[in-house]
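The values are calculated or read from the model by the stated rules, or taken from the named source; none is laboratory data. Given the structure is predicted, the values throughout are model-derived calculations rather than measurements. With ideal geometry, Cβ positions are generated from the backbone for all residues, glycine too; neighbour counts draw on all protein chains shown. Please note that ligands, DNA and RNA were not included when accessible areas were found on the heavy atoms of the full protein model with its side chains. Shrake-Rupley method; radii C 1.70, N 1.55, O 1.52, S 1.80 Å.
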Amino acid sequence: MTRDTSAGLQLRTGAALVAVVAAGGLYFAFRPQEGMVDGWFSFVEQSGHHWWYMVVTWLRYPVVVVAGSLLAAAVCFRRDRPRFWACLFGPPVALATCELVIKPLVGRTLGGVYSYPSGSTVGAAALATVAVLATPIRWRTIAVVVVSLYTLWMAVAVVGLQWHYPTDSLAGVVYGVGVVLVADGLAWKVAVRLRDGSSPAVGPVGSRSAPPGG
């Protein structure tokens, strides 16, 4: 699969994930109470392993999300400049839009605090996604396993601590992944557009060099 094809797939997939969260937000804006899906995961809230949950939740703070984004971006800087920008801005944008836009618009609360979607799982999922994108292809399988376990741990922890409904946590994962996929696909498309607008075609008609960092 070429990078152009991959970028298009990322944009479509990411947009679909964000749309799912938006649809869920519209539903919970009118019916904010705990629903059937939340009831499926009630055993998590009753497990009582709060110390196990607390271990991971210190990673929910914005400073951790920013630091992780900077690290992933630094790894990509020489190898893939469009991905550098996606890693740098994707997770912070996901977290900021979650906390400042989506939560107030939806208005679902738990314990008097806006809860949909979970900002903790948005940050975890977004960081997990940029970690996979920044990892060289030969190591990506390992990266996927590690960051998936981290994201799952965070998602279960915020439910077990009764900070969020299970649907809040699930929506956070979906939104975090979706925003980063959109950012990565869009960054590549913009790089291609800028290249095409500033560089003459070379070789056969329609043949051009790869975008910077490709």
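Ordered by residue, what ³J(HN,Hα) values in Hz, to whole numbers, does segment 153-161 give under the Karplus form 6.51 cos²θ - 1.76 cosθ + 1.60, where θ = phi - 60° and Gly and Pro are x?
4, 5, 4, 6, 4, 5, 7, x, 7
If you roll a 1.4 Å probe over the chain with all protein chains in place, what percent of the accessible area is carbon or sulfur?
71
Among Phe30, Phe89, Phe41, which one shows the highest mean-square fluctuation when the chain is modelled as a Gaussian network with alpha-carbon springs under 10 Å?
Phe30
So, with +1 on the Cβ of K and R and -1 on the Cβ of D and E, and no other charges, what is the size of the charge dipole of segment 62-177 about its Cα centre, to the nearest 20 debye?
In total the dipole reaches around 440 debye.
Over the chain, average the accessible area per residue using a 1.4 Å probe and give it in Å², no decimals.
53
So for the chain, taking the charge dipole from beta-carbon charges (+1 Lys/Arg, -1 Asp/Glu), which of Phe77, Tyr27, Trp51 sits furthest toward the positive end?
Farthest along the dipole direction, towards plus: Phe77.
Between Ser148, Ser120, Ser169, where does the largest GNM mean-square fluctuation fall for the chain, given springs only between Cα atoms within less than 10 Å?
Comparing Ser148, Ser120, Ser169 in the GNM, the peak value goes to Ser148.
Through the Karplus equation 6.51 cos²θ - 1.76 cosθ + 1.60, θ set to phi - 60°, convert the phi angles of segment 75-86 into ³J(HN,Hα) values in whole Hz; use x for Gly and Pro.
5, 8, 4, 7, 7, 7, 5, x, 5, 3, 5, 5
I need to check one value: relative contact order of the chain, counting alpha carbon pairs closer than 8 Å and at least 6 residues apart, in percent.
34 percent.
Using the Karplus curve 6.51 cos²θ - 1.76 cosθ + 1.60 with θ = phi - 60°, what ³J(HN,Hα) values do you get for each residue of segment 53-61, in whole Hz, with x for Gly and Pro?
With coefficients 6.51, -1.76 and 1.60, one gets 6, 5, 4, 8, 6, 5, 7, 7, 5 Hz.
When N is the residue count of the chain, what does its C-alpha Rg come to as a fraction of 2.2 N^0.38 Å?
Cα-based Rg divided by the globular estimate yields 1.11.
State whether segment 1-103 is rounded, prolate or oblate according to the following rule on the C-alpha gyration tensor (a ≥ b ≥ c being the square roots of its eigenvalues): a/c under 1.5 gives rounded; otherwise a/b larger than b/c gives prolate, and the remaining case gives oblate.
oblate
Can you tell me which of Ala73, Ala16, Ala134 moves the most in a GNM of the chain? Springs connect C-alpha atoms under 10 Å apart.
Ala16
Roughly how many debye, to the nearest 20, is the charge dipole of the chain about its Cα centre, given +1 on each Lys and Arg Cβ, -1 on each Asp and Glu Cβ, and no other charges?
Using Cβ point charges on Lys, Arg, Asp and Glu, the chain gives about 840 debye.
Along the positive direction of the dipole of segment 57-153 (beta-carbon charges: Lys, Arg +1; Asp, Glu -1; about the Cα centre), which of Ser118, Ile142, Phe89 reaches farthest?
The one lying farthest along the dipole's positive direction is Ile142.
Rounded if a/c is under 1.5, else prolate if a/b beats b/c, else oblate: with a ≥ b ≥ c from the C-alpha gyration tensor eigenvalues square-rooted, which is segment 117-167?
Cα axes put segment 117-167 in the prolate bin.
Is the C-alpha gyration tensor of segment 44-111 telling us rounded, prolate or oblate? Criteria: a/c under 1.5 is rounded; beyond that, a/b larger than b/c is prolate, otherwise oblate.
Since a/c reaches 1.5 but b/c is at least a/b, the shape of segment 44-111 is classed as oblate.
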